[in-house]
Structures are given as structure tokens and as C-alpha cells.
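What follows is a set of notes on a single structure, which appears directly below.
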């Protein structure tokens, strides 16, 4: 079986898990998880996994901000 989901995290831990990235609240990040699971896994209970995401794997979005001075209207 192959599937994917998004785990939404905040500084407090896991907030939710969804099929689509959707919208994020302030200070939340979404981590896309791609799963590839052998069919034989479903024959045994109590599956456990460890996921480690190093800082080098983080992709920061490019956001351009332009600040312009505005003259006060009279």
C-alpha cells in the first residue's frame, strides 16, 4: 500500500493529521509523510516507527516583502 498524509505540528506537538495540507494557523508547519507499507504488515498488530526530521530537511518558503513609505494625506 502507498499513501501520503500531512502531520501538522506546532511548538506544542502534533496538532492534527490530514490527507491534504490545507490551511495552517500561525506557528504551525505541515510535514508531508509518504508511506510505502508491505501488505504483510497488516497481518501483525502493534506497528511502531520513529521519524526524525533534521533541520537541514526544512524548506522555507520564499516570501518577498516590500515596504513603501506613504505620505500622510491632508
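Taking the beta-carbon count within 10 Å as an exposure proxy, list 7, 53 from fewest neighbours to most.
Final ranking by Cβ density, sparse to dense: 53, 7.
Hey, what's the per residue convex hull volume over the C-alpha atoms of the range 2-57, in cubic angstrom?
About 112 Å³ per residue, rounded to a whole number.
Mind jotting down a quarter of the surface of the convex hull over the alpha carbons of the range 28-74, in square nanometres, one decimal?
7.3 nm²
Would you mind ranking 36, 56 by Cβ crowding within 10 Å, fewest neighbours first?
Neighbour counts put them in this order, fewest first: 56, 36.
Figure the gain on full extension for residue 53 and residue 18 (residue separation times 0.36 nm, minus the Cα-Cα span) and round it to one decimal in nm.
Gain in length upon complete extension: 10.8 nm.
No value in this document is a laboratory result; all are computed from the given coordinates. Small disclaimer: the values here were computed from a predicted structure and weren't measured. Glycine gets a Cβ as well: all are built from the backbone with ideal geometry, and neighbour counts include every protein chain shown.
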